[in-house]
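Structure first, commentary second.
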Amino acid sequence: MIIEEEIFGIKHVRKFYGNLKEEYKSGIELIIDFKSVKRVDLSIVQVLTAVVRMARKDGRVVKFKSLSEDVKNQMILCGLKI
Amino acid sequence: MGDNEIRQAFLTEAKEIIENLESDIVQLEENAGDREIINRIFRYFHTLKGSSGIAGFTEVYEFSHKIENLLDAVRGGKIEVTDSLIDLILDSMDWIRDSIFTEGEGDAAMNERKSILLGKVGEFKKPDASVEKPLKSEDAAKARAAAHEKEDAANKYKYYRVRASFIEKIFEFGIDPLMVMEDLASHGPIIKNIVDKQNLPEFEGIDPEKCYLSWDIIIKSKSALNQINDVFIFVKDENKITVEDVTSQYMSEEKLHAPVYEKKLGEIMLESGIISENELDEAIALQNVEGKRFGDIIVNKGFASEEEVEHAIKEQAILKKKVENTTVRVDTVRLDNILNLLGEIVIGQSSLSRIAHEMENDYGTQLKNIIYGLDRTTREFQEQIMSIRMIPIGPTFNQFRRFVRDIAHSLHKEMKFVLEGEETELDKTVIERIDDPLKHMIRNSIDHGIEQPEERVKAGKDPAGTITLKAYHQEGNVFIEVNDDGKGIDEERVREKAISMNLIKPDEEASREKLLSFLFMPGFSTAKKVGDLSGRGVGMDVVKTNIESLRGSVEIRSEKGRGSSVKIKLPLTLAIIDGMLTKTGNNTYIIPLLSVMETIRPAREDIKTIEGKGEVVSYRGEYLSLIRLYEIFNIKPRYENPWEALVVIVESGRTKVGLLIDDMIGQQQIVIKSLDNYITQSRAVSGASILGDGKVALIIDIFGLMEDVVSA
């Protein structure tokens with residue numbers, strides 16, 4: 001899954017959540033590419049936290065690709081281990 | 001959550017931030033070394049950056065990010081505050097404002113402006129860029145403060161425990177808690193970060209637009225407690241936020257200090273580098289022995305100047321205010337709704353009262369007693385609601401700092417802008433509507449009143465002119481004054497202009513008061529040339545009209561060579577007035593008591609008809625126009641002859657008229673209810689009120705009534 005938005009936040013979270021659900025259900029390996037993303041907000045990090053937690057329970061892996069330092073720091077601040 | 005809601009929340013927030021920013025940037029120009037202001041400006045840009053990103057203003061986000069970086073360098077002492085830096089920050093703020101509110105993003109002209117600004121930002125950030133001298137030579141205290149800070153940096157770390165739990169629907173208000181936490185993290189390294197995810201539902205059951213996470217953080221920072229608290233300034237009211245100084249638990253070698261919420265004067269002076277620890281100890285010891293005031297001791301011992309002590313006292317007051325500031329935001333429409341509902345209660349109450357008076361048994365007496373108690377409660381309730389609508393005038397005053405600065409710069413004049421009585425409270429609606437008149441008066445003062453620096457020096461004055469904006473309460477009204485120490489109004493020129501406009505005859509003696517009152521007439525200007533700013537003869541009449549529409553009045557005083565003063569008198573609130581209840585025909589009309597001068601029953605010979613003036617009534621040696629209220633409202637009166645009826649002498653500005661009414665009922669406080677335009681388009685009516693017996697009475701707008709009659 002490639003995220004196209006530079007600023008990825010509450011405006012996009014519902015659609016992102018829906019897409020993530022679909023993709024997770026399909027059973028394929030979940031790779032989220034953050035190449036264009038300069039900033040995320042808490043709503044996005046919460047969805048990511050929840051999907052990572054579910055994947056861990058299910059014995060699956062969610063991979064984050066091309067994370068910028070800024071976004072990485074944001075995730076760390078929200079307690080998301082990456 | 002829809003884009004529109006996010007956008008709307010952002011627009012509200014951005015407007016507030018930009019207003020604060022404008023005032024702070026101009027204040028920074030005057031206090032170049034004030035770190036508190038620099039920090040505040042940095043945080044405002046930081047918040048603008050984050051919120052604009054959420055709301056989809058990508059360009060504003062990126063632009064703010066660059067300005068934020070620039071300000072971070074200023075904060076870190078890498079860039080000095082200079083004239084051109086202030087101009088750049090102000091211009092950047094203007095660009096952001098225009099992008100958000102006027103022009104929109106992506107416009108070619110806006111892009112060009114942005115490129116120029118970013119070019120200047122780039123210049124500032126070059127290592128050898130700034131050869132410009134600092135704006136003002138920092139005073140000794142500030143220089144010492146900076147040096148002190150650097151020296152003690154290693155020992156100044158504090159540890160704070162911050163617990164932040166946000167309401168679920170926080171995103172609806174356009175706030176991203178993560179941004180707030182990032183702002184916190186910018187104050188220093190995070191030692192411990194516990195993110196509570198217990199409330200976060202399983203992935204399948206999550207509502208992605210709600211907030212679930214909360215934080216328990218230990219941060220190591222050189223920032224003071226109030227700076228950490230300030231991080232949460234926009235969210236602390238609705239969310240659970242606690243900030244605790246836990247330095248003692250983390251640095252056992254340091255002296256133990258309980259969390260400080262109200263800082264002592266000595267502490268503030270010590271932290272700002274004004275006094276040393278030894279000086280502080282000595283002063284405290286002396287205070288214990290001599291019982292004198294701390295500030296006096298510091299000055300007497302020569303540890304600091306009086307100005308430095310005063311500055312610290314002001315800072316102490318600001319800090320105290322911040323601690324005490326526990327407020328919630330409420331839409332004023334809700335307050336109006338509550339007030340309207342209360343009006344309904346009052347009407348119901350008065351119906352009950354009538355029934356109680358008709359009941360002749362014990363139950364009637366009991367009911368009357370209960371209603372009496374209820375009446376007191378509802379009156380108090382009404383007063384409380386009215387007080388909620390009152391807000392301090394300070395923010396409105398502060399936004400003029402930029403305005404004064406820009407006009408002074410464009411006219412090459414030096415200006416000092418002094419504010420007094422910022423805490424004076426006024427009804428929110430009144431505050432919103434005095435903005436333009438004040439702006440106009442300030443502009444006039446700078447343009448026409450304040451002389452060029454060299455001219456002032458010749459006159460033995462300070463080269464910098466002073467404009468003082470002052471607010472205060474007096475006799476149930478609010479007064480706002482715009483005073484300047486300029487050259488004053490040239491009465492001879494006013495007189496010449498009045499003669500040329502046939503307002504007075506060349507040989508006529510006119511009092512100073514009368515001459516100055518001409519300045520409020522449409523098209524009256526004494527300016528020798530028409531400038532960009534003023535001199536077109538448009539303005540003071542509009543000021544007067546605006547102020548009078550608020551049921552206020554305005555007057556000018558001036559002294560040649562010493563300056564001018566424009567004084568505005570305003571009612572405390574627009575929602576409630578003292579009214580005189582009058583009867584004409586079967587209707588009750590309310591006349592605002594503020595406009596009433598006297599009520600008379602004229603003699604038959606006092607009524608005359610004068611050519612060009614119509615029907616007049618003789619009143620204290622002058623003939624006033626007589627307005628028959630029943631003719632205005634097209635109703636049948638009880639008396640048509642003025643000598644059988646009553647004439648209320650009313651005044652608006654300097655014009656007096658007589659209003660013919662049938663009878664007077666009495667006076668009482670009136671809750672004003674607005675009328676839709678389809679009910680009445682007459683300017684003679686400003687609203688209506690529901691009386692105790694449930695009947696509706698129209699409120700006469702004296703100013704509008706006079707205008708209507710004159711234009712007819």
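The values are calculated or read from the model by the stated rules, or taken from the named source; none is laboratory data. Note that the coordinates shown come from a computational prediction; the quantities given were computed from them, not determined experimentally. Positions of Cβ are backbone-derived with ideal geometry, glycine not excepted, and every protein chain shown enters the neighbour counts. Areas reflect the complete protein model, heavy atoms only, side chains present, ligands, DNA and RNA absent. Shrake-Rupley method; radii C 1.70, N 1.55, O 1.52, S 1.80 Å.
Using only Cα atoms, locate the centre of the stretch B:44-98 and the centre of the stretch B:161-239, then give the distance between them in Å, rounded to an integer.
The distance from the Cα centre of the stretch B:44-98 to that of the stretch B:161-239 comes to 23 Å.
Work out, step by step, the length gained on full extension between B:D237 and B:Q452: first 0.36 nm times the residue separation, then minus their alpha carbon distance; give nm to one decimal.
Extending this stretch completely gives an extra 72.6 nm.
Can you compute the helix-only [θ] at 222 nm over chain B? Use -39500 (n - 2.57) per DSSP H run of at least 4 residues, normalise by all residues, nearest 500 deg cm²/dmol.
On the way: 24 runs with 313 residues, N = 712.
Only helices count here, giving -14000 deg cm²/dmol.
Rounded, prolate or oblate: which fits the stretch B:392-571 when a ≥ b ≥ c are the square roots of the eigenvalues of the alpha-carbon gyration tensor, with rounded for a/c under 1.5 and prolate only if a/b beats b/c?
oblate
How much accessible area does A:S66 have with a 1.4 Å probe, in Å² rounded to the nearest 10?
Looks like 60 Å² after rounding.
Only loop residues by DSSP count here, and only those with at most 15 other Cβ atoms within 10 Å; note down the GluC sites (Glu not before Pro) in the stretch B:177-214 that meet that.
B:E202
At 1.4 Å probe radius, can you tell me the per residue accessible area of the stretch B:332-389 in Å²?
Working: 4140 Å² over 58 residues.
Accessible area per residue: 71 Å².
Can you give the FRET efficiency to the nearest 0.05 for B:R638 and B:K695, using r as the Cβ-Cβ distance and R₀ = 22 Å?
It comes out at approximately 0.80.
Suppose accessible area is computed on protein heavy atoms with a 1.4 Å probe; arrange B:T102, B:T424, B:T332 from highest to lowest.
B:T102, B:T332, B:T424
Take the Cβ-Cβ distance between B:D281 and B:S115 as r, set R0 to 60 Å, and report the resulting FRET efficiency rounded to the nearest 0.05.
Efficiency at R0 = 60 Å is approximately 0.60.
Where the centre of each part is set by its Cα atoms, how far does the stretch B:377-453 sit from the stretch A:1-68, in angstrom?
The stretch B:377-453 and the stretch A:1-68 have Cα centres separated by 50 Å.
At 1.4 Å probe size, with no ligands or nucleic acids counted, give the accessible surface of B:H65 in Å², nearest ten.
About 60 Å², rounded to the nearest 10.
What distance in nm separates the two pseudo spin-label positions at A:R56 and B:S305, each 7 Å out from Cα along the beta-carbon direction?
Here the modelled spin labels are 6.0 nm apart.
Report, to one decimal in Å, the Kirkwood hydrodynamic radius for the protein assembly as shown based on all distinct Cα pairs.
About 31.5 Å, per the Kirkwood formula over Cα pairs.
Along each principal axis of its Cα atoms, how long is the stretch B:576-711 end to end? Whole angstroms, biggest number first, please.
40, 28, 26
Could you check the simple spin-label distance between B:N337 and B:R683, using points 7 Å along Cα→Cβ, in nm with one decimal?
Distance between label points: 3.5 nm.
For B:E19, project a label point 7 Å along Cα to C-beta. Then give me every residue of the stretch B:409-432 with its amide nitrogen under 20 Å of that point.
B:418-432
Compute the Rg to Rh ratio over chain B from the alpha carbon atoms, using the Kirkwood formula for Rh, and round to two decimal places.
Values: Rg = 31.0 Å, Rh = 30.3 Å.
Looking at chain B, the ratio lands at 1.02.
Given charges of +1 on the Cβ of Lys and Arg and -1 on the Cβ of Asp and Glu, with all other atoms neutral, how large is the dipole of the stretch B:603-669 about its Cα centre, in debye to the nearest 20?
Here the size comes out at about 140 debye.
State the extension gain, in nm to one decimal, for the chain segment bounded by B:E168 and B:R512, taking 0.36 nm per residue of separation less the distance between their alpha-carbons.
Stretched out fully, the B:E168 to B:R512 stretch lengthens by 117.4 nm.
Which residues' amide hydrogens lie under 5 Å from the amide hydrogen of A:R60, considering only partners 5 or more residues apart or on another chain, with H built in the peptide plane?
It is none; the list stays empty.
Are any of the pairs B:K470/B:K569; A:K72/B:K169; B:K439/B:K461 more than 19 Å apart by Cα-Cα distance, and if so, which?
A:K72/B:K169; B:K439/B:K461
Using only Cα atoms, what is the ratio of the radius of gyration of the stretch B:157-250 to 2.2 N^0.38 Å?
1.11
Which loop GluC sites (Glu not before Pro) in the stretch B:356-434, with loop taken from DSSP, have no more than 16 other Cβ atoms within 10 angstrom of their Cβ?
Answer by residue number: B:E360, B:E422, B:E423.
For B:T545 and B:S500, what does the FRET efficiency come to when R0 = 22 Å and r is the distance between their Cβ atoms, rounded to the nearest 0.05?
Result of the calculation: an efficiency of 0.40.
So what is the relative contact order of chain A, in percent, for Cα pairs below 8 Å that sit 6 or more residues apart?
Details: 98 pairs, mean separation 29.0, N = 82.
Averaging sequence separation for qualifying contacts and normalising by length gives 35 percent for chain A.
Which residues does a label at B:R557 reach in the stretch B:486-508, if reach means a backbone N under 20 Å from a point 7 Å past the Cα toward the Cβ?
Label zone hits: B:486-492.
Residues of the stretch B:372-396 with amide nitrogen under 20 Å from the 7 Å Cα-to-Cβ point of B:Q669?
Answer for the stretch B:372-396: B:372-392.
How much area per residue is accessible in chain A when the probe is 1.4 Å and only protein heavy atoms are counted (Å²)?
49 Å²
May I ask you to list the GluC sites (Glu not before Pro) in the stretch B:448-508 that are in a DSSP loop and have at most 14 other Cβ atoms within 10 Å of their Cβ?
B:E475, B:E508
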